[in-house]
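**Q** I have a structure here, written as structure tokens, and I will follow up with some questions on it.
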Amino acid sequence: MYDMLIIGGGHNGLVTASYLAREGLKVAIFERREILGGMSVTEELWPGIRVNTGAYVLSLLRPKIIQDLQLYKFGLEVYTKDPGLFVPFENGKKLYIWTDTKKTQKEIEKFSKKDAVNYEKWVNFWEPFYQMADFFFLNEPVKFDDAEELVKMFKGMVNEEQALNLLRTFVQDGKSLLDEFFESDEVKSALIEDAVVGTFASPSMPGTAYVLAHHVLGEVNGIKGAWGYVKGGMGGVIEALKRAALSYNVEIFTNAEVDEIVTEKGKVKGIKLKNGKVIEGRVVVSNADPKTTFLKLLRNSELDEDFLRRVSSLKSTGVSFKLVGYLEELPDFGNGKSLHPEHIASELIMPSVEYIEKAYTDAKVLGYSREPWLSINIQSTVDPTLAPQGKFSFSIFGQYLPYSKDLDKLKDKIAEITIETVRKFAPNFNPVKYEVLTPLDIERRFGAIEGNIFHIDLTPDQLYFFRPLPEINRYRTPIRGLYLCGSGAHPGGGVTGAPGYNAAMAILDDLKTGKLSS
């Protein structure tokens, strides 16, 4: 019998397992696929060609977790992505966003001298958020009766104006937030992606300012706000986490799909695998999304019908698709086919904020965007482990493609649209081989409900106190001994490790206080 059974070998499950096992607990992870990683994996789809089929860049993994679990010691290595962003425009102009603020200001001057000045204000606007980040990311949501403590915390870390700015992002839209700082549509289009990534919303919809904030509060190699490529692909994060877990004697089982969480009289007894084997455990921790956990894995448990109805109504429509493959020459965005800074950056096809609005409207009406916004990443330009010399593996992340059971019929169209959209800016873009992953494919491959990369949407009604629901916002569930550690729990999606850390802390606290005693 195990002390702790972890359902799912994604990064959060591995984080939870390591923190629990280093306290001397007997922990086992059960992963449905043949490889660990969940949506943070690197797969060899063609000989010598390795691609990130899920997450593709790193920034949000909390430094405390990296340090606590000694991930650098266990092989984690990250290349800073600099420039971070490159945006080509239809008039032939280009914009680079560098990690160096002064260098970026010089770029922005090509579009607006006022915006160049305000870019420094934009960077400084987020500074208090960095100070607050770990309080929000690496702690349970405060209880409503702890509101006085929350106020004290704000007073201790930020001033009143900064606190109000932070709270405002939970409900504001990304477009209006950018409008406060910038006049040039080109500059705004370069910075708006983070407001809508993974979210079925347009830039002008309330709550997208928080989605933007969620994605800018990371760092790479000590550079705040920077993003990077993990050496060996995103699977490099998982390999380091796996080594850490094994060093704490975590037992890891792959090709071990959990079919059911076994309960008795409102308490967990263990899990049942797809092959029928039952494994007993004192605690079960689900890295699966809330809908899968409560509606599928607990299908034979006695849960309140009203609770299940509200779980069922959680917003979880996936809208992101991937196109991964390889090239034999780099795309020419006007500077030639040889290696240039844009080939290191995330190359964004989103020439205006209105372009994204139209893509969203299309998706609502047609079920897909006729001109999707795209983020192209050619990691092998800095990481030769992903492709042989003379070949370039790439990952394209795109929106919008709302989840439906009929998406297989659209795959060829999505591939054609995506390639043609890139060719409008880089005519020589010609993948040798590629594979399309629609939200339906993401659901099948990674087990995420409706292919939602955050498990459930990062909208105001599904954040903080309310994530995934108010009564289960602190990782505990109505089933005694069952906890949540996935992206559907606070603080949400992205490769942060935070839900996994917080779940482990909740379990250790409950063990210490006797709440898990028989």
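**Q** Going by what's in this entry, would A240 be described as outside the structural domain of D383 (by TED's automatic domain parsing), assigned to a helix (DSSP H, G or I), among the small types (G, A, S) and buried (at least 19 other Cβ atoms within 10 Å of the Cβ)?
**A** Taking the combined requirement at face value, the residue satisfies it.
**Q** Quick check on my filter: what residues within segment 495-518 are small (G, A, S), surrounded by fewer than 24 Cβ atoms within 10 Å (Cβ to Cβ) and more than 15 Å from I6 (Cβ to Cβ)?
**A** Initially, segment 495-518 is screened for residues small (G, A, S), giving 497-498, 500, 503-504, 506, 514, 517-518.
Right, trim to surrounded by fewer than 24 Cβ atoms within 10 Å (Cβ to Cβ) and you get 506, 514, 517-518.
G514, S517, S518, listed by residue number.
**Q** Quick one: L14 ticks every box in (1) surrounded by 24 or more Cβ atoms within 10 Å (Cβ to Cβ); (2) in contact with a Ser or Thr (Cβ under 9 Å, 6 or more places away or on another chain) except a single one, so which number is it?
**A** Unmet condition: (2).
**Q** Which of the residues belonging to segment 246-275 are more than 21 Å from L482 (Cβ to Cβ) and either touching a strand residue (DSSP E or B) at 6+ places or on another chain (Cβ under 9 Å) or assigned to a strand (DSSP E or B) (or both)?
**A** Within segment 246-275, L246, Y248, N249, T254, N275 meet the criteria.
**Q** Right, here's the next one. Checking the condition modelled with pLDDT of 95 or more and under 25 Å from V216 (Cβ atoms), which residue from L5, L36, L61 passes?
**A** None of the others qualify; the one that does is L61.
**Q** Same structure again: Please find, within segment 315-338, the residue that is surrounded by the most Cβ atoms within 10 Å (Cβ to Cβ) out of those that are touching a helix residue (DSSP H, G or I) at 6+ places or on another chain (Cβ under 6 Å) and of a type in the set (A, V, I, L, M).
**A** L323
**Q** Does segment 413-434 contain any residue that is farther than 27 Å from F86 by Cβ and not charged (D, E, K, R)?
**A** no
**Q** So which strands (runs of 3 or more DSSP E) are wholly in segment 66-115 and hold at least 1 residues that are in contact with a Ser or Thr (Cβ under 6 Å, 6 or more places away or on another chain)?
**A** Correct list: 85-88, 94-97.
**Q** Right, something else. Could we say that F307 is touching a Pro at 6+ places or on another chain (Cβ under 9 Å), assigned to a helix (DSSP H, G or I) and surrounded by 15 or more Cβ atoms within 10 Å (Cβ to Cβ) here?
**A** Taking the combined requirement at face value, the residue satisfies it.
The values are calculated or read from the model by the stated rules, or taken from the named source; none is laboratory data. Computed from a prediction, not measured in an experiment: that's the story for all the values here. Cβ sites come from the backbone with ideal geometry, for glycine too, and all protein chains shown count toward neighbours.
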